[in-house]
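In what follows, a single structure is set out as structure tokens and then discussed.
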Amino acid sequence: MGDSEKRGAKRISFPCEVECTGAGANPLNPRISDLSVTGAFLDAMVEMPAGARMNLKFTLPGGTVLAVAAEVVHSMPHFGMGVRFVGLTDEQRRAIERVIEAS
């Protein structure tokens with residue numbers, strides 16, 4: 001499993017639109033700039049504190065729509081934030097892994 005775990009942590013450039021809800025009163029209007037099986041980096045002008053939770057909805061190549069919960073791990077003012085996916089299903093994890101392996 002060591003090799004697949006290393007592959008799972010691989011981060012790829014993945015610019016895509018993302019719908020974000022539950023992030024408070026400020027509209028984020030983020031874009032995903034990179035993606036891994038454990039999380040993503042969101043380009044956003046609005047800063048969210050570490051620990052903030054949100055729901056993300058985005059489309060993978062091939063048309064699979066993912067709706068996942070995420071938690072802010074770190075935030076970079078005026079650039080965006082790194083988020084960790086929370087409670088991914090096995091199916092969602094496999095869908096992300098396929099995208100990463102195909103890149």
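Here is how the numbers come out for the structure above:
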| read-out | value |
| --- | --- |
| Filter pass, Ser13 being part of a strand (DSSP E or B), out of contact with any Gly (no Cβ under 8 Å at 6 or more places or on another chain) and either of a type in the set (S, T, N, Q) or loosely packed, with under 13 Cβ neighbours inside 10 Å (or both) | yes |
| Among residues of region 16-50, those that are aliphatic (A, V, I, L, M), at pLDDT 80 or above and assigned to a loop (DSSP other than H, G, I, E, B), counted | 7 |
| Any chance Pro61 is at negative phi, at pLDDT below 95 and touching a helix residue (DSSP H, G or I) at 6+ places or on another chain (Cβ under 9 Å) | yes |
| Residue under evaluation Leu35, criteria (1) in contact (Cβ under 8 Å) with a residue 60 or more places away in the chain; (2) surrounded by fewer than 16 Cβ atoms within 10 Å (Cβ to Cβ), criterion not met | (2) |
| Filter result (among the hydroxyl-bearing types (Ser, Thr, Tyr), surrounded by fewer than 15 Cβ atoms within 10 Å (Cβ to Cβ) and part of a strand (DSSP E or B)) within region 51-93 | Thr59 |
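The values are calculated or read from the model by the stated rules, or taken from the named source; none is laboratory data. Worth saying up front: this structure is predicted, and the values here are computed from it rather than measured. We place every Cβ from the backbone using ideal geometry, glycine too, and count neighbours over all the protein chains shown.
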